[in-house]
Amino acid sequence: MRGDGVRMETVNIQGVPETMLQTLFARASYSQKKGSKFYDKKAIEIVGRLDYDFSKAEKDAAMSDGVIARTILLDRLVGAFLEENPDVTVVNIACGLDTRFYRLDNGLVRWYNLDLPEVIDIRRRVLNEQGRISTIAKSAMDEKWAAEIEDPKGNVLVLIEGLVMYLTEADVTKILSIICRRFEHAQIIMETMNPFVMRHIKEKSIEASKARFTWGLKNGRDLERIAPELKWIEDISLTEGMKELYPVYRLLGRMGFVRNLSNKLVILRK
């Protein structure tokens, strides 16, 4: 219990699910900086309620910069999609403690947050979500989650952020096949990692959680091979988000090898 009477929540989680705490801290910390491109009030509130040692995340500048760049771009992409499709259904796969709904809610969107039961348990303890926002406690590879999404014939936006680099190609194929079988019209925004970075670049706070990068992709168009029902639209390098943080990336972002080594947001459409 904090001095102001707020109950502290103990968190005991390891492996890939623990990475959600690193990304949460990155958003909360950045939001309190002068001139920040977004303000994540919910992230700040949640960090203040968790009994967890965030010191490794606090020292991991590389991880933090990547999270912030990704958040800036995804907020922009999702916000634009909501403007064009205000009553869309959003499925947020491997949601962790993502709080994008609270930053972008337009009063109409139906939002589903999907993650493993141990993650959803923590989420439900710190966020009282109901109404147009729901949680599903299942693996992304469990076909049963898709049956919980209402109106599968409507317009659906699927977000897959910070997940597939910890999986195998077979896992990714399974997730995409579930999406394609359930939804008639879907746009997918998936974050991917370059294979070279997956093999050679380490992030301190991620390593500390015992999570490991296991799968990478050079070009998002290759996903058409493993999911033929999907059409590749474009790859957006996270260097576009880094430009918002460091002006030098306006130059670096023009260099092909820098853009290619950076994580990408791959946009796919069924």
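The values are calculated or read from the model by the stated rules, or taken from the named source; none is laboratory data. Just so it is clear, the model here is predicted, and its values are computed rather than measured. Cβ coordinates were reconstructed from backbone atoms using ideal geometry, including for glycine residues, and neighbour counts include every protein chain displayed. In case anyone asks, the SASA skips ligands and DNA or RNA and just uses the protein heavy atoms, side chains included. Shrake-Rupley method; radii C 1.70, N 1.55, O 1.52, S 1.80 Å.
Here are a few things to note about the model shown:
- The lone exception for Asp51 - which of (1) among the acidic types (Asp, Glu); (2) open to solvent by 20 Å² or more (accessible area, probe 1.4 Å); (3) touching a residue at least 24 places away in the same chain (Cβ under 8 Å); (4) farther than 14 Å from Val126 by Cβ it fails: (4)
- All positions within segment 110-145 that are touching a residue at least 60 places away in the same chain (Cβ under 8 Å), more than 17 Å from Val90 (Cβ to Cβ) and over 15 Å from the mean Cα position of the chain (by Cα): Glu118, Ile122, Arg125, Val126
- Some residue of segment 175-196 being of a type in the set (Asp, Glu) and modelled with pLDDT of 95 or more: yes
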